[in-house]
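**Student:** One structure is given below, represented as structure tokens, and several questions about it will come after.
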Amino acid sequence: MVNTGWKIEGNSLMALIKLRLLASDSVARNGCNGFNESNGFQVEIVHSFEALAEETGGSIIILSQKKMRWNLSELGVTLPVLVLVDDAGWNHGGTLAQKPFLFLLDSHSHQSVVQRTIELLNRMQTQQKEIAALNKRIGAIQREIDIFNHIGMALGAEQNIDRLLDLILTYARQITVADSGSIYILREDRENQCMVKQTLVFSKTQSDTLSQPFQNAEMPVSDKSIAGSVALQRSVINLEDVYDIPQNSIFHFNPDFDRSINYRSKSMLTLPLCNNENEVIGVLQLINKKKKAGQSLHPITLVDSEVIPFTARDEERALALGGLAAVALENSLLYHEIELLFEGFVRACVNAIESRDPVTSGHSERVTQITLALAEAVHHTTEGPYADVGFTDEQMRELQYAGLLHDIGKIGVREAVLNKKEKLFPGEFRTLRQRFETIRASVHLEKEKKRMAVLLQEGIERYEESCSALDQQYTETLNEIDRIWKLLDILNRQGMVSDAPIDDLPAIAARTYDPGDGRKCNFLTPREVECLSIPKGNLTNAELAEIQLHIVHTRSFLEKIPWSRGLHDVTEIACGHHEMLDGSGYPRGVKEAELPLQARIMAIADIFDALTATDRPYKKAMPFEQVISILEMEAQNGRLDAELVRIFKVNHIHEQIGLQNTRIREWTQTGLSPLRR
């Protein structure tokens, strides 16, 4: 820009073009008579080349004689150079000739010099304005590029579909100044090998004016609707007023939605979201471009004065954003599909395991729900040692997989042990029952042998009298055998028994009977005594150790899965749900410092479900209050995390089981996580 100065002309200011003149005083007097304030110049005379390089602004005019020589390149002069010469054939040297904006002026005609100088300076000023305008335009374009780079990075970094859709609408409405916006996702359902049904799923909406709760909706892809026509034609539809669509148009606008929410749609920009293969994966619809960003269009009368049509530039920007959004959305959808595929595989594995163990069917799902509900409560707690603890979406997903797979190692446990409902296996109990039937038969046989001996020894006269006492004796014996059998039956079926009945087992086992071949056999085998002596549960120590090995099998199974970075702790969490803070758990006996918080949470969930489950044949389900008392007692004994038990109790986690918690429902049913706090 040409530098200017100012002079007072009457009651106003007049701009002056600043010139710097290099000349002797005599040359300056003869050569610059026309460069004065009356002609619009402010003149500064300098007497050395060095002074020209000083950054004081202004345009430069050099007055010279034929014999003068100079080299301006050494001075670093960057301003335009006007050379005023008194000889048209003057040899000015190669270095000067290479300067930009070099103009040679004839000094003999002062008026022509002044006029030409003014013309040149005006031309320079016009060019500088054009350059400034271009620079401004370049800057605006660069800022827009920066904005779209930022948008692209933000969209590419978001894998959660719900938040991604929010981001797409937010940016789309910002760059087009739209009041409202919606996104439809294209869903394809294969009805048979030849037919695919296409549906537009109304997936997200935003508005500066409306605050209606979002409701999912679907509509078939049809050229009768605006969004459907865009999806089919892969083209943009830009309407100045949706209530003024030409009658010959194939598509139409349905005003029912406007009427239902007291809204007035006017200008509308609808465009397809296409992936890299130019396949439509969704539709972006922007409604009511406003004069002022952020302004609410309530009351509805503001629409006519504040809403304007979407411009061609809006189309370009929206299409550019739509390209970025489509790529990010497709990546997110593919990521989500992979998640659902893996989750389906996980649930299939769980179902396969639980089909081998119908006694605990549903346990893995319930433990997962309880674990997620307790983790969510910890995430929102504002007091205690976990006030600053929070769980990300990936960590919640990690907990979900760990919960579903925590018993996957049961695949390595014998099915007979998994399905053991009583202390004796069914075959063992049948053998015991047959033995006692044999014992009763042996008593009858012995009684009949003695009755025959009495008959042979004492004769018929005393037979009835002697046999009466004999029958009473064997009746008491049979009653005692029946009492023993009932005790054994109770011990076999009851999960928890007192010590007194168990103490009778050694004496019972020591009793003998004759199976009919003259041998003496014990009432009970050592194996039967061991099983029936179990005070709690239905597993012997060896069987319990075999069950506990399911954690080892679980680790072996899970370590073979190449978990992604966000799921790398699934194995440790799943394999830690039987560990206790005091080191009394299994299989590794680790203590509190080595036990992840998520594993402590799952330990409580696992115990709670085991105590409250109604499908365990060896015990009755306990009421909630009793279970909480047991959990609190375990916490007092240093086995469970006391703060987690407190959070479990005060938040009534048991009431959130059965998908009652919104966030847990979204995790377990759709895999789409809601916005975090």
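**Student:** Can you compute the charge dipole magnitude of region 426-536 about its Cα centre, using +1 on each Lys and Arg Cβ and -1 on each Asp and Glu Cβ, nothing else charged? Give it in debye, rounded to the nearest 20.
**Tutor:** Using Cβ point charges on Lys, Arg, Asp and Glu, region 426-536 gives about 420 debye.
**Student:** Between Asn351 and Ala416, what is 0.36 nm times their sequence separation minus the Cα-Cα distance? Round to one decimal in nm.
**Tutor:** On the way: separation 65, 0.36 × 65 = 23.40 nm, distance 1.79 nm.
21.6 nm is the gain from fully extending Asn351 to Ala416.
**Student:** Let me ask something else about it. Of the trypsin sites (Lys or Arg not before Pro) in region 547-631, which ones lie in a loop per DSSP and count no more than 12 other C-beta atoms within 10 Å?
**Tutor:** Filter output for region 547-631: Lys560, Lys620.
**Student:** For the pair Glu572/Arg440, report the inter-label distance in nm, with labels modelled 7 Å from Cα in the Cβ direction.
**Tutor:** For Glu572 paired with Arg440, the spin-label model returns 6.0 nm.
**Student:** Still on this structure, please answer the following. Among 344-352, 404-412, how do they line up from the highest to the lowest mean number of other beta-carbon atoms within 10 Å?
**Tutor:** Result, highest mean first: 404-412, 344-352.
**Student:** If you don't mind, another one. Could you tell me which of the pairs Lys204/Lys224; Lys197/Lys292; Lys224/Lys289 are separated by over 32 angstrom between their Cα atoms in the structure shown?
**Tutor:** Lys197/Lys292
**Student:** Here is a further query. If the label point is 7 Å along Cα→Cβ of Glu428, which residues in region 513-535 have backbone nitrogen under 19 Å from it?
**Tutor:** Residues passing the 19 Å test: 522-535.
**Student:** If you don't mind, another one. Work out the FRET efficiency for Val196 and Ile502 from their Cβ-Cβ distance, taking R0 = 60 Å, and round it to the nearest 0.05. The partial results should precede the final answer.
**Tutor:** Numbers: r = 67 Å, r/R0 = 1.12.
FRET efficiency, Val196 to Ile502: 0.35.
**Student:** Report the gain in length on full extension from Ser296 to Ser468: 0.36 nm times residue separation, minus Cα-Cα distance, nm rounded to one decimal.
**Tutor:** 51.3 nm
**Student:** Now, a different point. Lysines near Lys620 by alpha-carbon distance under 24 Å, same-chain residues fewer than 8 away left out - which ones?
**Tutor:** Candidates past the 8-residue exclusion: Lys410, Lys420, Lys421, Lys423, Lys486, Lys536, Lys649.
**Student:** Select from region 489-564 those GluC sites (Glu not before Pro) which occupy a DSSP coil region and have at most 15 other Cβ atoms within 10 Å, ordered by residue number.
**Tutor:** Loop-located and lightly packed - Glu559.
**Student:** Pop the C-beta distance of Asn216 and Ser556 into the FRET formula with R0 = 45 Å and round what comes out to the nearest 0.05.
**Tutor:** 0.60
**Student:** In nm, to one decimal, how far is the modelled label at Arg493 from the one at Asn149, with both set 7 Å along Cα→Cβ?
**Tutor:** 7.8 nm
**Student:** Arg493: net charge of surrounding residues, Cβ under 10 Å, Lys/Arg +1, Asp/Glu -1, itself excluded?
**Tutor:** Local charge sum for Arg493: 0.
**Student:** To the nearest 20 debye, what is the magnitude of the charge dipole of region 389-461 about its Cα centre, counting +1 on the Cβ of each Lys and Arg and -1 on the Cβ of each Asp and Glu?
**Tutor:** Dipole about the Cα centre, nearest 20: 440 debye.
**Student:** Provide the FRET efficiency to the nearest 0.05 for the Ser584-Asn278 pair, computing r from the beta carbons and using R0 = 56 Å.
**Tutor:** 0.35
**Student:** For each of Val201, Val389, Val454, Val283, count neighbouring Cβ atoms within 10 Å of the residue's Cβ, then give the residues from fewest to most. Intermediate results must be reported in sequence, preceding the final value.
**Tutor:** Details: Val201 15, Val389 12, Val454 18, Val283 27.
So the residues, fewest neighbours to most, are Val389, Val201, Val454, Val283.
**Student:** Skipping prolines and chain starts, which residues have an amide H placed within reach, meaning under 5 Å, of the one on Ile308, given they are 5 or more residues away or on another chain?
**Tutor:** Those lying under 5 Å, H to H, from Ile308 are Lys289, Lys290, Lys291.
**Student:** At what distance in nm do the modelled label points of Asp223 and Ala133 sit from each other, each positioned 7 Å from its Cα along Cα→Cβ?
**Tutor:** Once both label points are built, they end up 4.4 nm from each other.
Each value in this text was obtained by applying a stated rule to the coordinates, not by laboratory testing. Every value quoted in this text rests on a predicted model; they were computed, and no experiment measured them. Because the Cβ atoms are built from the backbone with ideal geometry, glycine has one as well, and the counts that use them run over all protein chains shown.
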